[in-house]
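Below: one structure, written as structure tokens.
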Amino acid sequence: MVLEVDAARAQVERIFQSKAFRSSDVLRHLLSYLVDASLAGTADELKEYTVAVDALGKPSSYDPRQESAVMPTYVAAQFLLAAGFLRPQATGTGSRQAGSG
């Protein structure tokens with residue numbers, strides 16, 4: 001399990017080096033928070049309010065019924081991750097599928 005956690009964290013660090021994530025503190029915080037929750041086995045317990053306050057820095061008065069902060073940020077991160085995994089690699093080896101390495 002430790003090797004899997006180390007490998008996951010190393011992959012996240014590689015993702016953080018990409019231009020899209022390197023230039024966005026918000027996306028890095030969100031991805032880091034979600035990966036940490038997943039590795040801790042608590043991802044199923046996440047709620048929009050908790051993610052907004054803990055990962056995105058929203059105040060404790062944040063009301064997800066009044067403002068949608070999590071979903072647009074999540075969708076942006078998801079799009080950038082997919083784009084990074086599916087675009088042809090600089091080595092010319094073609095594209096790789098998300099999660100394949």
Q. Order of T50, T73, T42 from fewest to most other C-beta atoms within 10 Å?
A. T42, T50, T73
Q: Could you please rank F79, F16, placing first whichever residue has the fewest other Cβ atoms within 10 Å of its Cβ?
A: F79, F16
Q.
Just to verify a number: FRET efficiency for A10 and F79, C-beta to C-beta distance, R0 = 22 Å, to 0.05?
A. 0.45
Q | the stretch 17-62 - percent relative contact order, Cα under 8 Å, separation 6 or more | A | 34 percent
Q. Plugging the Kirkwood radius over Cα pairs into Stokes-Einstein for the stretch 2-86, at a temperature of 37 °C and a viscosity of 0.692 mPa s, what D comes out in µm²/s?
A. 242 µm²/s
Q: Would you kindly state how much longer the chain becomes between L3 and D54 on full extension, computed as 0.36 nm times their sequence separation minus their alpha carbon distance, in nm to one decimal?
A: 15.7 nm
Q | Those trypsin sites (Lys or Arg not before Pro) in the stretch 1-66 that DSSP places in a loop and that have at most 11 other beta carbons within 10 Å | A | K47, R65
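Read-outs: derived from the displayed coordinates by stated rules, not from any lab. Remember, it's a predicted structure, so these values are computed and weren't measured experimentally. All Cβ positions, glycine included, derive from the backbone under ideal geometry; neighbour counts span all protein chains shown.
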